[in-house]
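Report on the following structure.
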Amino acid sequence: MLPDQDLFRTAVLVLSALLLFLYGLEHFSKELQAIGSDRLPRWLGLATRQRLGGFALGAGVTAVVQSSSAVSALVVALVNAGTLSFAGSLAVLLGAKVGTTSTAWLVSYELTHLGPYLIVLGGLLTMLPFTIRVVGRAIFYFGFIFFALDLVSESLEPLQNAPWVLDLLARAEVPWMGLLIGIVLTVVLQSSSVVSGLAIVLVQQGALQPLGAVAVVVGATLGTTATSLIASIPMDRFARRAAQMNLLFNAVGVLLILPFLAPFGEWALRQGGSAGQAVALANLSFNLGVALLFLPFTGWMGRYFAPPGEPQPSAENAAV
């Protein structure tokens, strides 16, 4: 076991690295939202006229922004503003579930070592004229995310052989415990991307078994709905219902997969090239499966579950 002083120092290092990761994720998301702030609401309004368009845009935006929590909160805000219909928001929320798995794939292929290069490139681009400068800031924070993940990985190394850590991580192999750990961590950190990236880092270090990591990332998909639920509290009933439907999608998916979580994880291990890639594959497969389960019914659900008297998007917001 680590001495108390070393344990405290390691805990501070891990916490600071996680905070840096969250900081980079938040600012990367803000920079990209600033780039598309004038166009994104109109894109959403146009794309959601058909459910596949809304699904594809939700997945694409989330994959770029690297945060389903941010996109879900944005969707809830747009419903509240009347820019996005309640039925249209459901397809975007389902797409966001799939798009958020991009972080896990980037970590599983160990691309985080590119962080310093992206930081330098982004920093250089910020010295150029305004348009390029904005893109440079986004690249800088994208590299910052990778750099922080590398710090997380390095700071966790001293804990790999600590008995209490191994005991805690071993509990994640029990499906419901793994789910609970994923839910709690995501609610606390407000980011499923952080939790899924952390789970894969631990798998790559051999500190967490792949089957336990699969349970954690599945639980993270349920925990991430907390952000949109919190964001919807001061908004109207349509925004609150959109956030509630986001919770419903994830909760039903988790309940359906729970009895089959072990064989599902074993299937991912057989298909994945490495343990980390297997976890990323399980993350993608679960979220894609839930999205495909509900996507054909978003029109019906939009009519059945919407509160009465839904406001129509304004002509200005619906214009190209």
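Take every Cα pair under 8 Å whose residues are at least 6 apart in sequence, average their separation, divide by the length of segment 199-311, and the relative contact order is 34 percent. The length gained by stretching the chain between L15 and R133 to full extension, at 0.36 nm per residue less their Cα-Cα distance, is 39.4 nm. Computed from the C-beta positions of F260 and Y117 and an R0 of 35 Å, the FRET efficiency is 0.30 to the nearest 0.05.
Only the coordinates and a few stated rules stand behind these numbers; no lab work does. Nothing here was measured: the structure is a model prediction, and the numbers come from that model. Virtual Cβ from ideal backbone geometry, glycine too; neighbours counted across all protein chains shown.
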